[in-house]
Amino acid sequence: MKSDYLKYWRVVRFFIMRKYKLNQADLDMLLFLYSESYFSRDRFDEYTKMMSWDHARFNRLLREGWIVMFRENKGKRKALYELSYKCKRMINSIYKKLDGEEIPETTGGSNLFYKKLSYSDKRYRDMIIAMNQEVKQKNKGFIEQQQHPSP
């Protein structure tokens, strides 16, 4: 089977950034940290060097609940952090959407369907609708194939 997980990456990214009020660099940072389990501030700073400079990023992500402290700084032991449950759920949601789960067309916190929208918001909303239709078609074909396999 052809892998095309990234076909709708831009649409999914836009939806997630809009819903959770994250910017691109913050989302990139959280995606990087997702596989890190526990990380120190040094590890965070190491990756942040590749991004737009934002000296408040770590504290903001901590304050907003995307990052939580796992272990306090004690003696020679550095403080360790991890992604919060909220953050892990958000990232799992990204992977599910890239794997074929529909983006909700109800408000879902994103307000892409229920308020005055900018031109680009309307374009993304229309693309979400088109993406969902394609996902429904693929899922329908998969279900039919499972019910009536070829001999």
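The values are calculated or read from the model by the stated rules, or taken from the named source; none is laboratory data. These figures come from a predicted structure and were not determined experimentally. Quick reminder, even Gly has a Cβ in these numbers, built from the backbone with ideal geometry, and neighbours come from all protein chains shown.
Can you name the residue in the range 51-80 that is within 12 Å of D26 (Cα to Cα) and part of a helix (DSSP H, G or I) and is also nearest to the chain's Cα centre (by Cα) among such residues? Per the stated criteria, the residue is L61.
Go over the candidates L30, L83, L98, L6 one by one and state the one that is surrounded by 16 or more Cβ atoms within 10 Å (Cβ to Cβ), more than 12 Å from the chain's Cα centre (by Cα), within 30 Å of N132 (Cα to Cα) and in contact (Cβ under 8 Å) with a residue 24 or more places away in the chain. Testing whether each residue is surrounded by 16 or more Cβ atoms within 10 Å (Cβ to Cβ), more than 12 Å from the chain's Cα centre (by Cα), within 30 Å of N132 (Cα to Cα) and in contact (Cβ under 8 Å) with a residue 24 or more places away in the chain leaves just L83. Select from the range 11-27 the residues that are outside any helix (DSSP H, G or I) and surrounded by fewer than 16 Cβ atoms within 10 Å (Cβ to Cβ) and list them in ascending order. Listed by number, the residues that qualify are K21, N23.
For the range 46-74, taking the residues that are more than 20 Å from K21 (Cα to Cα) and of a type in the set (A, V, I, L, M, F, W, C), the one that is surrounded by the most Cβ atoms within 10 Å (Cβ to Cβ) is identified as F70.
To keep it simple, each residue is scored yes or no on (1) over 30 Å from E134 (Cα atoms); (2) modelled with pLDDT of 95 or more.
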{"residue": "M50", "(1), (2)": "yes, no"}
{"residue": "W53", "(1), (2)": "yes, no"}
{"residue": "N59", "(1), (2)": "yes, yes"}
{"residue": "E105", "(1), (2)": "no, no"}
{"residue": "S110", "(1), (2)": "no, no"}
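Pairing residues of the range 120-140 that are closer than 15 Å to L98 by Cα with residues that are hydroxyl-bearing (S, T, Y), at Cβ distances under 7 Å and at least 6 apart in sequence or on separate chains, gives M131/Y8. Residues in the range 28-50 that are of a type in the set (D, E, K, R) and part of a loop (DSSP other than H, G, I, E, B): E36, K49. Confirm whether S52 is at negative phi, free of Cβ contacts under 8 Å to residues at least 40 places away in the same chain and polar (S, T, N, Q). Yes; evaluated as a whole, the condition is true for this residue.
Within the option set R77, R43, being surrounded by 13 or more Cβ atoms within 10 Å (Cβ to Cβ), farther than 30 Å from K138 by Cβ, out of contact with any Phe, Trp or Tyr (no Cβ under 8 Å at 6 or more places or on another chain) and without any contact (Cβ under 8 Å) to a residue 24 or more places away in the chain holds for one residue only, R43.
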